[in-house]
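Report on one structure; see the data block that follows.
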Amino acid sequence: MFVKHYRGSGESKACLRFAWTALLAAVMCFATTQPIAAQTLRGKSGASIGKVETDGTIRDTANKQVGKIQSDGTIRDAAGKQIGKLESDGTVRNRSNAQVGKVQPDGTVRDRSNAQIGKVQSDGTVRDRSNSQIGTAKGVKPAWAAVAFFFFPDLQ
């Protein structure tokens, strides 16, 4: 109705340009505030070793799904078989439900004997038991990074 009333005038063209500019700005603002679809896992050399998507899907460098950490903590391999569980308290269990380790709230990773085997730092740096950097997982939940680097490395 509005455009029909002013059709052909310079005012209608300016109004339409403004509307399109406003719409484009809104779309760009929305797009830049959404979470990134996947975060890259990098090895010691800095080369990509895979990625973790926001839904927990783990992909290799060829973009093939190699596993998934579901929202309930169930860890599945590429075939969809349950191979473990990440419990809400950070406990990691294998397919036989035996505890294989734990990810503490500060990112410290411990094995079943409670020995520290690594840490996922808040900036995504992944370190081994001797504090050497073994990779990065920027933007990946620390517990998910620990699952991929320490407990189920075949998922990389």
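List of remarks:
- Qualifying position, being at negative phi, in contact with a helix residue (DSSP H, G or I) (Cβ under 9 Å, 6 or more places away or on another chain) and assigned by TED's automatic domain parsing to the domain that holds S48, among D89, D123, D77, D72: D77
- Candidate set: region 134-156, residues that are modelled with pLDDT of 90 or more and small (G, A, S); chosen: the one surrounded by the most Cβ atoms within 10 Å (Cβ to Cβ): A146
- Strands (runs of 3 or more DSSP E) contained in region 75-147 and holding at least 2 residues in contact with a Gly (Cβ under 8 Å, 6 or more places away or on another chain) and over 22 Å from Q65 (Cα atoms): 99-103, 108-111, 116-120, 125-128
- K51 vs. criteria of a type outside the set (G, A, S) and surrounded by 11 or more Cβ atoms within 10 Å (Cβ to Cβ): yes
- Of all residues in region 47-74, those being in contact (Cβ under 8 Å) with a residue 60 or more places away in the chain and in a loop (DSSP other than H, G, I, E, B) number 2.
- Taken over region 60-84, the criterion of being aliphatic (A, V, I, L, M), over 14 Å from the mean Cα position of the chain (by Cα) and closer than 19 Å to A98 by Cβ is satisfied by I75, I83.
- When the test is whether a residue is among the β-branched types (V, I, T), free of Cβ contacts under 8 Å to residues at least 60 places away in the same chain and in contact with a Lys or Arg (Cβ under 7 Å, 6 or more places away or on another chain), V109 passes it.
The values are calculated or read from the model by the stated rules, or taken from the named source; none is laboratory data. In this text the structure is predicted, and so the values were computed from the model without any measurement. Backbone-built Cβ (ideal geometry, glycine too); neighbour counts: all protein chains shown.
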